[in-house]
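The block underneath contains the structure these notes are about, expressed in C-alpha cells.
Nothing in this text is a laboratory measurement; each read-out follows from the coordinates by a stated rule. Keep in mind that this is a model prediction, so the values were computed, not measured. With ideal geometry, Cβ positions are generated from the backbone for all residues, glycine too; neighbour counts draw on all protein chains shown.
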Amino acid sequence: MKIGILECGHTMPEVETRHGTFPDMFAQLLDGNGFSFVNYDVEFMQFPGSVTECDGWLLTGSKHGAYEDHPFIAPLTEFIRDSYAAGVPMVGICFGHQIIAQALGGHVEKFGGGWALGLNDYAFDGLGTVRLNAWHQDQVTRLPEDAQVVASSDFCANAALVYDDRAFTVQPHPEFKAPVIADYVALRRGTADYADTVMDQAQSRLSEPDHNAALAGQIATFFKQKRGALHG
C-alpha cells in the first residue's frame, strides 16, 4: 500500500539532524506494515497530481495554524475535501488533525488553557489510558458533522477523531519519542511562548514509556481496512 506523506511543516534543523524529518519519523513509526511512502512537501507547494495518486494520505504536524493565511492552506483544504469525497483514506497528526477538521466544517483555535507539551495521558476507545507526546496549543473546538471522538484528555477534549473509514486523526504525536521531546524542550526553553512550569512538566516525564506502537497499530489498521469502491 502506497502512503503519500503530506509534509505540512518542518522540524527545527537541530532536531532534523538528530532524528530526521517528519516523513522519516513516520516511516520509522509505521515500519513493518508493508507500506511504501512518497513524500510531498505541501508547505512549499509540492502537491500530488490527484487524490488517487496514492492509496492513502498522512498529513503531518506544522508550526503553522490551520486558520492562518499561508499559500499552501487553501490548496491543502481543497485536497482534503476532494480526498474525503473520493473516499481515499487520510490520517492527520497534530496540524493534520486540525486542518482536516477545519476543512470538513469544524473549528480550530488557540486554546485558552495554554500548551500541552511532552507526555500526556489520553482515554482512547478500545485502548484504555494511552500515553503520547504532544506539542500544541491549537485545538479542534467544534467538530465536523461526520466526526466521532475516540480519544480525549483533561486538557484536550477532541484528541482523536474518526470519520467512518475516510479519516482518522489524532492531536498528539505518536511519531515523537522521548529524545525528540527532550531536544524540543532544550531548544525552546526560555522563549516567550513557553512557561518554565510547562517545560518542567514535559521534562519530568521523559523517562516514562509511551504507547507510540499502539497508535502505529491503530493507524496501520485504519489504512489497511477493507473498503468498497471509491466514492463518486
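Overview of values
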item: Fewest-first sequence of Ile99, Ile80 by Cβ atoms within 10 Å of each Cβ; result: Ile80, Ile99
item: Residues whose placed amide H lies under 5 Å from that of Glu109, excluding near-sequence neighbours; result: Gln139, Thr141
item: All lysines inside 22 Å of Lys110 as judged from Cα atoms, apart from same-chain residues fewer than 8 positions distant; result: Lys63
item: Expected 222 nm ellipticity per residue - DSSP helices of 4 or more, -39500 (n - 2.57), all of the chain, to 500; result: -9000 deg cm²/dmol
item: Residue of Ser36, Ser153, Ser50 that the Gaussian network model of the chain assigns the largest fluctuation, springs spanning Cα pairs under 10 Å; result: Ser50
item: Residue of Gly92, Gly126, Gly61 that the Gaussian network model of the chain assigns the largest fluctuation, springs spanning Cα pairs under 10 Å; result: Gly126
item: DSSP-defined antiparallel bridges as percent of all bridges, the chain, nearest 5; result: 60
item: The stretch 151-184 and the stretch 44-80: distance between their alpha carbon centers, rounded to Å; result: 18
item: Distance cut-off 22 Å, percentage of C-alpha pairs in the chain lying past it; result: 48
item: Which of His19, His70, His211 has the fewest Cβ neighbours within 10 Å, and the rest in rising order; result: His70, His19, His211
item: For the stretch 88-164, size of Cβ-based charge dipole, Lys and Arg +1, Asp and Glu -1, in debye; result: 200
item: 18 Å tail of the calculated P(r), the stretch 49-140, as % of Cα pairs; result: 50
item: Proxy reagent accessibility, fewest Cβ within 10 Å first, across Ser207, Ser152; result: Ser207, Ser152
item: Magnitude of the charge dipole, the chain, Cβ model with Lys/Arg +1 and Asp/Glu -1, debye to 20; result: 360
item: Of Leu117, Leu104, Leu187, the one that fluctuates the most in a GNM where the chain has Cα springs shorter than 10 Å; result: Leu187
item: Whether the stretch 12-80 is rounded, prolate or oblate, judged on the alpha carbon gyration tensor where a/c under 1.5 counts as rounded; result: oblate
